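Q: Here it is, the structure, as structure tokens.
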Amino acid sequence: MLDKNGIAKRIAKELQDGYFVNLGIGIPTLVANYIPEGIEVEFQSENGVLGMGPFPFQGEEDPDIINAGKQTITTMPGASFFDSATSFNMIRGQHVDLTILGAMEVSEDGDIANWKIPGKMVKGMGGAMDLVASAENIIVAMMHTNKAGASKLLKNCSLPLTGVNCVKKVVTNLALLEITEKGFKLLERAPGVSVDDIRNATEGNLIVEGDIPEMKFD
Amino acid sequence: MIRKTVPNVTEALSGVKDNMTLMLGGFGLCGIPENAIAELVKLNTTGLTCISNNAGVDDFGLGLLLQKKQITKMVSSYVGENDEFERQMLSGELDVELIPQGTLAERCRAAQGGFPAFYTPAGYGTEVAEGKETREFNGKMYVLEHAFKADFAFVKAWKGDEAGNLIFKGTARNFNPCMCGAAKITVAEVEELVPAGTLDPDQVHIPGIFVQRIFQGERYEKRIEQRTVRKRE
């Protein structure tokens, strides 16, 4: 089974040279720590920076330079700042190659719910609806089940949707899955996790074809 | 040169009345018009509709107006940092319209640029699109969203000149440029107000034509919401 860093590490293997990537808050943020050697990617943060770098050293924080999680950050050589409308032109116009974000629920059709629990948690969608409606390649990073043990990979989402038919892949603590027309296609198992474990934790239609390899990490 | 300078925040906010619709720049606490917000608290204007990406934190930014119940409606994309906000919203005291962040930015820019409405894919198939016109373009579905209408826009820039030309710094730019000229009156506050001719016209982010009033902010706290650092190796 993977922890949050393990999920981030597996997703990082999906990065390709030359990708512009938008990372959501939570597990997706950790992906930046595991960029494969020999490739160049640039991170976009929708509040208005392209070429986001690591956190600043203590004493070098700049209140005017933050990411979408409101954290103090630095910038890489070649970085740029821009306004919010320009930022979402990058996203809506599909100039950003890959979006990685967290979710509360994903359906077998690729619907995603991650912004609201009616009557309980109402924080807002931020940029998530724009991102999922526009991005060509969306990977969801999340735990396979919720705290109560219920599956988060469902036939239909029960929570208010963020977007429809948009998620391409899901990486959880148990597995890497691809969304296909017939449902969740199991591509890889997390270390020490069996196909049955994954089947038991998946409510939506799970497609298992042939031997499912275990994830490999360098 | 058409001068836009006003001597202080009090004059900058003259004409602000109860029940008005205000735009306020900023993302989180980054690039918020701190001085205009402080003056709104002092004026105790009520019944306000505020268009702003976030609602501040409990004791800073728009949170200060929420504490005093000066706001009756918020139009935002993310409000998760403010407990008082969540309490007022769940209890029904505060009317809230949550909209996607890119749609929020574009509704400002549409107002700035004279577009009545535009189509965006954001929110299609979700409750955000309920009751709205949808249309297919090239096999994909889009939602019709309308330009905002606001009485005042309060923005914050790093530097500005007497002509109202503005330069922003870092990610404090965010929604500020989109809101300039998107309301009947745009009020810009700056950290440094310089004489006309000082700024390089090539480096101006927002031309003064979009700004009606500009003033030098008295002080900036620039509070950091999430201070994240790394260790020196």
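Q: Based on this model, can you work out whether B:Gly197 counts as assigned to a loop (DSSP other than H, G, I, E, B) and touching a helix residue (DSSP H, G or I) at 6+ places or on another chain (Cβ under 6 Å)? Walk me through how you get there before you give the answer.
A: Numbers: assigned to a loop (DSSP other than H, G, I, E, B): yes; touching a helix residue (DSSP H, G or I) at 6+ places or on another chain (Cβ under 6 Å): no.
So B:Gly197 does not fit the description; no.
Q: Of all residues being within 14 Å of chain B (Cβ to nearest Cβ) and in a loop (DSSP other than H, G, I, E, B) in region A:122-155, which is farthest from B:Pro100 (Cα to Cα)? Just the residue, please. Don't jump to the end; show me each part of the working.
A: Narrowing region A:122-155 to residues within 14 Å of chain B (Cβ to nearest Cβ): A:122-136, A:138.
Then keep just the ones that are in a loop (DSSP other than H, G, I, E, B); that gives A:123-127, A:135-136.
Working: A:Lys123: 12, A:Gly124: 8, A:Met125: 6, A:Gly126: 6, A:Gly127: 6, A:Ala135: 15, A:Glu136: 18 Å.
Looking at residues that are within 14 Å of chain B (Cβ to nearest Cβ) and in a loop (DSSP other than H, G, I, E, B), I get A:Glu136.
Q: Tell me, which residue of region A:2-54 that is at positive phi and away from every other protein chain (no Cβ under 14 Å) is surrounded by the most Cβ atoms within 10 Å (Cβ to Cβ)? I'd like the intermediate steps shown before the answer.
A: Step one: list which residues in region A:2-54 are at positive phi, which gives A:18, A:26, A:38, A:48, A:51.
Narrowing the set further to residues that are away from every other protein chain (no Cβ under 14 Å) leaves A:18, A:38.
Numbers: A:Gly18: 10, A:Gly38: 6.
Per the stated criteria, the residue is A:Gly18.
Q: Which of the strands (runs of 3 or more DSSP E) found entirely inside region A:1-115 contain at least 2 residues meeting this: aromatic (Phe, Trp, Tyr)? I'd like the intermediate steps shown before the answer.
A: Values: elements: A:20-23, A:42-45, A:49-52, A:75-81, A:98-101, A:105-107.
Result: empty, no element qualifies.
Residue-wise test of (1) surrounded by 16 or more Cβ atoms within 10 Å (Cβ to Cβ); (2) farther than 21 Å from A:Glu46 by Cα.
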site: A:Ala103; (1), (2): yes, no
site: A:Asp111; (1), (2): yes, yes
site: A:Ile117; (1), (2): no, yes
site: A:Leu131; (1), (2): yes, no
site: A:Thr145; (1), (2): yes, yes
site: A:Leu154; (1), (2): yes, yes
site: A:Val195; (1), (2): no, yes
site: A:Glu214; (1), (2): no, yes
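Q: Of the residues A:Ala201, A:Ala148, which single one is on the phi < 0 side of the Ramachandran plot, touching a residue at least 24 places away in the same chain (Cβ under 8 Å) and not basic (Lys, Arg)?
A: Values: A:Ala148 fails: touching a residue at least 24 places away in the same chain (Cβ under 8 Å).
Testing whether each residue is on the phi < 0 side of the Ramachandran plot, touching a residue at least 24 places away in the same chain (Cβ under 8 Å) and not basic (Lys, Arg) leaves just A:Ala201.
Q: Take the residues in region A:166-185 that are in contact with a strand residue (DSSP E or B) (Cβ under 9 Å, 6 or more places away or on another chain), charged (D, E, K, R) and part of a loop (DSSP other than H, G, I, E, B), then tell me which one is farthest from A:Met215 (Cα to Cα). So that I can check it myself, show each step before the final result.
A: Of region A:166-185, the ones in contact with a strand residue (DSSP E or B) (Cβ under 9 Å, 6 or more places away or on another chain) are A:166-180, A:182-185.
Subset that is charged (D, E, K, R): A:168-169, A:178, A:182, A:185.
Pick out the ones that are also part of a loop (DSSP other than H, G, I, E, B) and you get A:168, A:182.
Details: A:Lys168: 18, A:Lys182: 23 Å.
The residue in question is A:Lys182.
Q: Yes or no: B:Glu221 assigned to a loop (DSSP other than H, G, I, E, B) and at pLDDT 95 or above?
A: Yes; evaluated as a whole, the condition is true for this residue.
Q: Follow-up question, since we're still on this one. When residues of region A:49-75 are filtered for being under 22 Å from the mean Cα position of the chain (by Cα) and not β-branched (Val, Ile, Thr), how many remain?
A: Here the count works out to 11.
Q: So which pairs qualify, if the first residue must be in region B:211-231 and more than 7 Å from chain A (Cβ to nearest Cβ) and free of Cβ contacts under 8 Å to residues at least 12 places away in the same chain, the second must be assigned to a loop (DSSP other than H, G, I, E, B) and of a type outside the set (Ser, Thr, Tyr), the Cβ gap must be under 9 Å, and the two must be at least 6 apart or on different chains?
A: Going by the 9 Å Cβ cut-off, the qualifying pairs are B:Lys231/A:Gln58.
Q: A further question on this structure: Could you tell me which numbered condition B:Gly56 fails, if it satisfies all but one of (1) more than 11 Å from chain A (Cβ to nearest Cβ); (2) closer than 20 Å to B:Thr186 by Cβ; (3) out of contact with any Ser or Thr (no Cβ under 8 Å at 6 or more places or on another chain); (4) of a type in the set (Gly, Ala, Ser)?
A: (2)
Q: Any residue in region B:116-130 that is within 11 Å of chain A (Cβ to nearest Cβ) sitting within a Cβ distance under 8 Å of a residue that is of a type in the set (Lys, Arg) and surrounded by fewer than 17 Cβ atoms within 10 Å (Cβ to Cβ)? List the pairs, counting only those 6 or more apart or interchain.
A: B:Tyr119/B:Arg135; B:Pro121/B:Lys140
Q: Which of the residues belonging to region A:197-211 are surrounded by 17 or more Cβ atoms within 10 Å (Cβ to Cβ) and out of contact with any Phe, Trp or Tyr (no Cβ under 8 Å at 6 or more places or on another chain)? Full working, then the answer.
A: We begin by selecting, within region A:197-211, every residue surrounded by 17 or more Cβ atoms within 10 Å (Cβ to Cβ); these are A:198, A:201-204, A:206.
Matches in region A:197-211: A:Ile198, A:Ala201, A:Glu203.
Q: Could you please let me know if A:Glu181 is under 30 Å from B:Val143 (Cα atoms) and free of Cβ contacts under 8 Å to residues at least 40 places away in the same chain? I'd like the intermediate steps shown before the answer.
A: Values: under 30 Å from B:Val143 (Cα atoms): yes; free of Cβ contacts under 8 Å to residues at least 40 places away in the same chain: yes.
Here the answer is yes, as A:Glu181 does meet what is asked.
Q: Sticking with this structure for a sec: Condition check: closer than 19 Å to A:Gly126 by Cβ and under 18 Å from the mean Cα position of the chain (by Cα). Does A:Ala12 satisfy that? Working first, answer last.
A: On the way: closer than 19 Å to A:Gly126 by Cβ: no; under 18 Å from the mean Cα position of the chain (by Cα): yes.
So A:Ala12 fails the test.
The values are calculated or read from the model by the stated rules, or taken from the named source; none is laboratory data. Nothing here was measured: the structure is a model prediction, and the numbers come from that model. A quick note on method: Cβ atoms are made from the backbone with ideal geometry, for glycine too, and the neighbour counts reach across all protein chains shown.
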